[in-house]
1. Taking only pairs six or more apart or across chains, which ones have beta-carbon atoms under 6 Å, a first residue in segment A:139-167 that is within 14 Å of another protein chain (Cβ to nearest Cβ), and a second residue that is charged (D, E, K, R) and crowded, with 16+ Cβ neighbours inside 10 Å?
2. Out of A:E340, A:E289, report the one residue that is surrounded by fewer than 21 Cβ atoms within 10 Å (Cβ to Cβ), more than 14 Å from chain B (Cβ to nearest Cβ) and not basic (K, R).
3. Taking segment A:312-335 on its own, how many of its residues are in contact with a helix residue (DSSP H, G or I) (Cβ under 7 Å, 6 or more places away or on another chain) and more than 14 Å from chain B (Cβ to nearest Cβ)?
4. Please tell me if A:I137 is crowded, with 17+ Cβ neighbours inside 10 Å, farther than 27 Å from A:I219 by Cβ and modelled with pLDDT of 95 or more.
5. When the residues of segment B:148-171 are filtered to those that are crowded, with 20+ Cβ neighbours inside 10 Å and in a loop (DSSP other than H, G, I, E, B), which remaining residue is nearest to the chain's Cα centre (by Cα)?
6. Which strands (runs of 3 or more DSSP E) sit wholly inside segment A:198-281 and have at least 1 residues that are farther than 29 Å from B:E162 by Cβ?
7. With respect to B:E180, determine if the residue is acidic (D, E) and within 10 Å of chain A (Cβ to nearest Cβ).
8. Confirm whether B:Y332 is at pLDDT below 95, surrounded by 21 or more Cβ atoms within 10 Å (Cβ to Cβ) and over 22 Å from B:Q14 (Cα atoms).
There are 2 protein chains.
Amino acid sequence: MLWNNELTRLLKVQYPIVQAPMLGVTSPEMVAAVSNAGGLGSLPVGGLSPEKTRELIHKVKQLTHKPFAVNLFAHSIPEYNIQEAEAMRALLKQLKQEHGLATEIPELDSLKFYTYEEQIPILIDESVPVVSFTFGIPDDASLQQLKQHGTILIGTATCVDEAIVLEQKGVHAITLQGIEAGGHRGSFLHDALPQIGLMALVPMAAKVVKIPLIASGAINSGATVKAAFTLGAVGVQIGTAFIASTESLAIPAYKEALATAQDTDTALTQVFSGRWARGIHNAFMEQLENSGSTLPPYPVLNSLTGALRAEAQKQNNGTFTNLWAGQAASMYVRQKNSAEILMDIIKNTEQ
Amino acid sequence: MLWNNELTRLLKVQYPIVQAPMLGVTSPEMVAAVSNAGGLGSLPVGGLSPEKTRELIHKVKQLTHKPFAVNLFAHSIPEYNIQEAEAMRALLKQLKQEHGLATEIPELDSLKFYTYEEQIPILIDESVPVVSFTFGIPDDASLQQLKQHGTILIGTATCVDEAIVLEQKGVHAITLQGIEAGGHRGSFLHDALPQIGLMALVPMAAKVVKIPLIASGAINSGATVKAAFTLGAVGVQIGTAFIASTESLAIPAYKEALATAQDTDTALTQVFSGRWARGIHNAFMEQLENSGSTLPPYPVLNSLTGALRAEAQKQNNGTFTNLWAGQAASMYVRQKNSAEILMDIIKNTEQ
């Protein structure tokens, strides 16, 4: 059978299709809808407080008894330059005034950063079936704890040697994130950001890695699912196609931008969060990039821009918030619920 | 049949597989070997003199009676800043002395640039069956002349709207160059270099363009050929896999660098020619990029670095010449002749 493979057996799901964890877009309802339809929903909790993490997991559990994943940001909190961060605050204050965004840019003293370490006990306590992570690898103790509780672990790699390291660390499967993918890059091993297309990345990783590979980036149709499988993946992760779903938290302006996005309309940027991510190019990206300002590292910049982005979203203003999207953003933009989107792609693949 | 499609009928070849034109690597022997084996060999003549163009075409014709392509650079000669070009000459002189490369960096006055317009009469006179081009589109008069003589025209696109423009101009087929591809980017429509992976580019182009699409970038195996076809291409163009062939002009150091290149070892650079191209990262790239120098445009910089690169090649020094390669460089590096390389990929696809 097309769908019965090592990944579906590992994850105990019907289809080897993972809904990508998209912070700010993915709701518990989206996660549950995808899992109930036979895929693997993924709840993003990267950077959230332990309390919020538990609350969201509870919501998902109320809506589904099927396996789902919780996605962590496996980074550490960096030192940062206070003067540069204050300069960025000043720039953001100026922008919010110029653009009528009535919000406060937070004081540096008020910033509170949560780490994945604080979330691990909750994931274990809640018996979360699958834990996926990006931006790096949790420490060995955390990995061991999760594995001892039977948790399935999925890491994220953007190049072959990241995949090799993840396999050596004992994860059960790897998401290969092609340069086509929207949102944050999961890269963690190189100073120069790996920018490998799936046509190169999947066969090269499949040649040297034994565990199941999940291709992500521009997957949104039967043709792309089949191509990913032909290249050596046994699963796919789909993000952008779910942004326009009825369970999505995306504002209308975001969904509209997706519908008309050309392949050249997305770009990689660090200006929203301090980490590289792909989104539809907009005024905020242009103004920050042209400002010549030094960007504080993730998660500092992410927190500094957070209130401004939240206010832009309230105003349905797509020019001052992140519009994460993959390179094939416009290929799947119909307003349907997440289960229908999943089943459309499955039927299209079976044809 | 797997191979009999609109592209093989258009090109009058057995297999819809094009050997990529690689200036400095592709010999007339390589072109003829691929065409004789049933693919479409491509002779690169971009920037060459009319005399050299005719000479190379004659060599190919002596070696094959099968269809082959001649590849043009469809650019115009730009104005350039003399002071910046002199500053670059000074930097290159310093580098050649530091690195023992006994050659002269040419005087600006001595530079002679040839354009595709001067080559068109020769292509027509020689009844070249297929003319492919990159870096833009030949002027309408040239396109009409070639078409009136029955020449099949193949343009190069790196994003969907470049493909749309090419179709509107009446070309017969389009090479879609994914970000995975080695060598020069064919981009011509946007200030920001399109960097679209094939997983996104092929389906998006296939949705809006009717003429045959040829996928290029990281294609080197049955799996990648099949994936490209699944995505909507009806042909593939293969470059890097032929660099290690016995007919290749690549120096041993270049072939060795390919064999060990990881997916993260290639990068896009403008420092060799003034145009963006993907190659294995080396000392020349690092030194020029870190110099902070303004780069003269193509083909000025290309001519300025030419003698230095030629001398490095004479010395089998891979650190001071361009090592163009795609992101999957190491996936096909066995020393075989070009016909064997083609047939390996065909057999692997038929399995």
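The values are calculated or read from the model by the stated rules, or taken from the named source; none is laboratory data. Owing to the predicted nature of the structure, the values given are computational and were not obtained by experimental measurement. Note: ideal-geometry Cβ built from the backbone for every residue, glycine included; neighbour counts use all protein chains shown.
1. Sorted first by the residue in segment A:139-167, then by its partner, the pairs are A:T158/A:R185; A:C159/B:D263; A:V160/B:D263.
2. Details: A:E289 fails: more than 14 Å from chain B (Cβ to nearest Cβ).
From the options A:E340, A:E289, the qualifying one is A:E340.
3. The total comes to 8.
4. On the way: crowded, with 17+ Cβ neighbours inside 10 Å: yes; farther than 27 Å from A:I219 by Cβ: no; modelled with pLDDT of 95 or more: yes.
Judged against the criteria, A:I137 is not a match.
5. B:T158
6. Result: A:213-216, A:235-238.
7. yes
8. It is true that B:Y332 is at pLDDT below 95, surrounded by 21 or more Cβ atoms within 10 Å (Cβ to Cβ) and over 22 Å from B:Q14 (Cα atoms).
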